[in-house]
Amino acid sequence: MVKYSGKGVYGAVAVGRISVFRRQDVQVKRVKIESAEKEISRLEAAKEKAISQLQEIYEKALKEVGETNAQIFEIHMMMVEDDDYNEAITEMINSQNVNAEYAVAVTADNFAEMFASMDDSYMQARAADVRDISNRIIACMSDCSSSAAVTDEKVIICADDLAPSETVSLDKEKVLAFVTAHGSSNSHTAILARNMNIPAIIGLGEEFLSQIKDGDTAVADGFTGELIINPDDATIAAYEKKLQEDAEKKAMLQNLKGKENITLDGTKINIYANIGSIDNIGAVLLNDAGGIGLFRSEFLYLENNDYPSEEEQLKVYKRVLESMAAKKVIIRTLDIGADKQADYFQLEKEENPALGLRAIRLCLTRPEIFKTQLRALYRASVYGRLGIMFPMITSVWELEETLALCEQVKRELDADNIEYSDNIEIGIMIETPAAAVLSDKFAPMVDFFSVGTNDLTQYTLACDRQNPHIERFCDTHHEAVLRLIEMSAENAHKHGAWIGICGELAADTSLTETFLRMGIDELSVSPSFVLKVRDTVRNINLSE
Ligand code: PEP
Ligand code: MG
């Protein structure tokens with residue numbers, strides 16, 4: 001039995017087998033080979049394996065996300081078989097006597113560069129696809145056994161770190177827990193784990209990965225941040241008891257379903273849920289959230305290999321709005337950039353991506369992408385109670401330009417005789433100190449504010465939310481952060497706007513009373529925290 005300690009980012013326990021997540025873009029070395037023939041038959045075996053994986057993924061995608069989204073995997077299968085691509089690889093193996101992995105990697109680079117330099121945006125996007133299929137073929141050559149993504153059993157995924165796009169592509173039904181060597185508690189992977197109700201531990205350090213292997217039994221304790229490998233019987237029994245207690249606590253909270261979010265002295269508050277995909281709606285309804293306070297729409301872009309079209313987006317937003325019936329749904333416009341990257345955006349590498357071209361900055365720089373999303377949102381608005389909010393606002397001119405684009409979209413829809421609701425609430429996220437300091441100027445321009453405490457903390461305290469080494473300095477309860485929230489609440493109310501909090505801090509029940517005393521109107525949390533926050537609210541007495 002060996003124990004490793006990290007930081008628990010979602011308090012739950014899992015007992016099960018380990019599956020080591022193998023990133024497919026493994027570093028490839030150039031190796032001189034003896035027999036080109038042998039190398040080509042290795043390549044053929046790997047391609048066969050890649051095709052059968054892609055077929056499986058295609059079938060799964062067909063069931064889960066529909067034909068349009070699944071088509072990309074059909075294209076991937078065709079690309080694996082593409083004559084030009086295969087000729088280039090075999091030619092290199094034959095003429096240079098190099099290993100197949102190296103030939104695939106170099107060919108992938110050449111093809112990707114060729115695609116990226118084309119004028120047509122569809123062809124440019126194929127650059128990411130050719131890299132993707134090549135990585136898959138290389139991964140099949142380096143390890144043709146199981147990978148974390150395709151195992152049949154529910155497993156504890158162990159990785160050095162997981163990018164949000166890697167996390168979303170895992171089969172959630174098969175993940176018992178996430179455990180990573182690196183990462184920080186405010187990273188999007190940690191947030192996804194919370195959204196998915198999956199125990200998660202981060203920051204266990206590099207060493208643990210070299211000490212574990214696929215199939216090891218382990219306990220992942222998301223409360224204490226401990227990972228116990230090959231636990232003895234007594235430890236397993238203790239954890240089974242803990243699992244039982246946890247289930248009982250959850251069952252007790254179930255009694256709060258249908259009850260009001262009201263303090264002992266009669267103050268009411270909205271408790272909404274945060275989601276990243278339509279797959280989370282079941283959890284929202286199950287946990288009795290009053291609405292959706294944050295739909296991180298960028299995950300729609302991260303799950304795709306190309307820009308989602310207006311029709312594809314409309315389908316998703318419509319489904320969310322219809323599933324929530326009369327309940328409010330606040331969709332945040334695209335917040336891509338920083339740690340949330342999709343290859344097809346082809347964003348330039350930045351020195352400081354968190355301070356770079358992300359969120360509204362990207363949308364205002366590439367208005368054609370933004371307008372496609374706005375059109376889909378306005379068109380979807382007739383199917384429910386929609387709120388739209390804009391991320392990373394810092395200056396009044398940004399909001400003015402954004403609102404002007406909304407007006408332009410409305411005019412275009414009018415011209416096409418396309419219906420949209422005239423009752424859409426418009427809001428901004430308060431996630432930069434600038435937005436909080438200027439909240440008196442922003443409040444008259446919008447219906448609501450939603451405080452993104454994850455970024456507000458990052459930018460106020462100058463603490464990179466991705467950096468695990470500065471967690472100690474990244475104090476989410478810092479007085480400066482709390483004062484900015486309070487200032488925003490005062491300014492919102494002065495101008496008739498309402499204010500919510502949708503960052504992770506909204507679920508921190510040690511601050512619920514503080515937020516209520518500031519006059520916060522809505523707390524939006526991961527679905528699994530809704531009832532816990534309700535329980536806390538119902539035990540607060542603001543008249544004391
Ligand atoms: C935040 O910054 O608090 C927030 C809710 O947005 P995200 O975590 O997606 O950046
Ligand atoms: Mg944010």
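Would you point out which residue out of Glu490, Glu544 is more than 16 Å from ligand 1 (Cβ to nearest atom), part of a loop (DSSP other than H, G, I, E, B) and surrounded by fewer than 23 Cβ atoms within 10 Å (Cβ to Cβ)?
Values: Glu490 fails: part of a loop (DSSP other than H, G, I, E, B).
Criteria check complete, one pass: Glu544.
One line per residue, one yes/no per condition, for (1) surrounded by fewer than 19 Cβ atoms within 10 Å (Cβ to Cβ); (2) farther than 18 Å from Tyr317 by Cβ; (3) of a type outside the set (S, T, N, Q); (4) within 16 Å of ligand 2 (Cβ to nearest atom):
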position	(1), (2), (3), (4)
Val382	yes, no, yes, no
Met392	no, yes, yes, yes
Asn423	yes, no, no, no
Ala434	yes, yes, yes, yes
Tyr459	no, yes, yes, yes
Arg465	no, yes, yes, yes
Thr476	no, yes, no, yes
Glu486	yes, yes, yes, no
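When only residues in the stretch 380-400 that are polar (S, T, N, Q) and more than 16 Å from ligand 1 (Cβ to nearest atom) count, which is farthest from Ile336 (Cα to Cα)?
The qualifying residue farthest from Ile336 (Cα to Cα) is Ser381.
Does Phe208 fit the bill of being aromatic (Phe, Trp, Tyr) and part of a helix (DSSP H, G or I)?
When the stated conditions are applied, Phe208 passes them.
Would you point out the residue of the stretch 506-528, among those that are free of Cβ contacts under 8 Å to residues at least 40 places away in the same chain and out of contact with any Leu (no Cβ under 9 Å at 6 or more places or on another chain), that is nearest to Ile198 (Cα to Cα)?
Per the stated criteria, the residue is Asp508.
Filter the stretch 510-541 for residues that are part of a loop (DSSP other than H, G, I, E, B) and either surrounded by fewer than 17 Cβ atoms within 10 Å (Cβ to Cβ) or in contact with a strand residue (DSSP E or B) (Cβ under 7 Å, 6 or more places away or on another chain) (or both) and give the result. Steps first, please.
Taking the stretch 510-541 and keeping what is part of a loop (DSSP other than H, G, I, E, B), we get 510-511, 519-521, 526, 539-541.
Those that are part of a loop (DSSP other than H, G, I, E, B) and either surrounded by fewer than 17 Cβ atoms within 10 Å (Cβ to Cβ) or in contact with a strand residue (DSSP E or B) (Cβ under 7 Å, 6 or more places away or on another chain) (or both): Ser510, Gly519, Ile520, Asp521, Ser526, Asn539, Asn541.
I'd like the full set of residues that are in contact with a strand residue (DSSP E or B) (Cβ under 7 Å, 6 or more places away or on another chain) and either farther than 16 Å from Val533 by Cα or part of a helix (DSSP H, G or I) (or both), limited to the stretch 262-280.
Ile275, Gly276
Might you check whether a residue that is surrounded by 20 or more Cβ atoms within 10 Å (Cβ to Cβ) and at pLDDT 85 or above occurs anywhere in the stretch 144-156?
Yes, the stretch 144-156 contains at least one residue that is surrounded by 20 or more Cβ atoms within 10 Å (Cβ to Cβ) and at pLDDT 85 or above.
Please indicate, with yes or no, whether at least one residue in the stretch 125-134 is basic (Lys, Arg), at pLDDT below 85 and out of contact with any Phe, Trp or Tyr (no Cβ under 8 Å at 6 or more places or on another chain).
Checking the stretch 125-134: at least one residue is basic (Lys, Arg), at pLDDT below 85 and out of contact with any Phe, Trp or Tyr (no Cβ under 8 Å at 6 or more places or on another chain).
Does Leu286 qualify as being at pLDDT below 95, within 19 Å of the chain's Cα centre (by Cα), hydrophobic (A, V, I, L, M, F, W, C) and assigned by TED's automatic domain parsing to the domain that holds Leu531?
Here the answer is no, as Leu286 does not meet what is asked.
Take the residues in the stretch 410-439 that are within 16 Å of ligand 1 (Cβ to nearest atom) and of a type in the set (Val, Ile, Thr); name whichever of them is farthest from Thr372 (Cα to Cα).
Thr432
Might you check whether a residue that is surrounded by 23 or more Cβ atoms within 10 Å (Cβ to Cβ), of a type in the set (Gly, Ala, Ser), in contact with a strand residue (DSSP E or B) (Cβ under 7 Å, 6 or more places away or on another chain) and not in a loop (DSSP other than H, G, I, E, B) occurs anywhere in the stretch 288-306?
Yes, the stretch 288-306 contains a residue that is surrounded by 23 or more Cβ atoms within 10 Å (Cβ to Cβ), of a type in the set (Gly, Ala, Ser), in contact with a strand residue (DSSP E or B) (Cβ under 7 Å, 6 or more places away or on another chain) and not in a loop (DSSP other than H, G, I, E, B).
Which is among the small types (Gly, Ala, Ser), within 19 Å of Glu206 (Cα to Cα) and modelled with pLDDT of 90 or more, of Ala177, Ala190, Ala163?
Testing whether each residue is among the small types (Gly, Ala, Ser), within 19 Å of Glu206 (Cα to Cα) and modelled with pLDDT of 90 or more leaves just Ala177.
Asp455 fails exactly one of the following numbered conditions: (1) of a type outside the set (Gly, Ala, Ser); (2) within 16 Å of ligand 2 (Cβ to nearest atom); (3) not in a helix (DSSP H, G or I). What is the number of that condition?
Single failed check for Asp455: (3).
In this structure, does Tyr378 turn out to be aromatic (Phe, Trp, Tyr), under 24 Å from Glu311 (Cβ atoms) and modelled with pLDDT of 95 or more?
yes
The values are calculated or read from the model by the stated rules, or taken from the named source; none is laboratory data. This structure is a prediction, so every number in the text was calculated from the model and none was measured. A quick note on method: Cβ atoms are made from the backbone with ideal geometry, for glycine too, and the neighbour counts reach across all protein chains shown.
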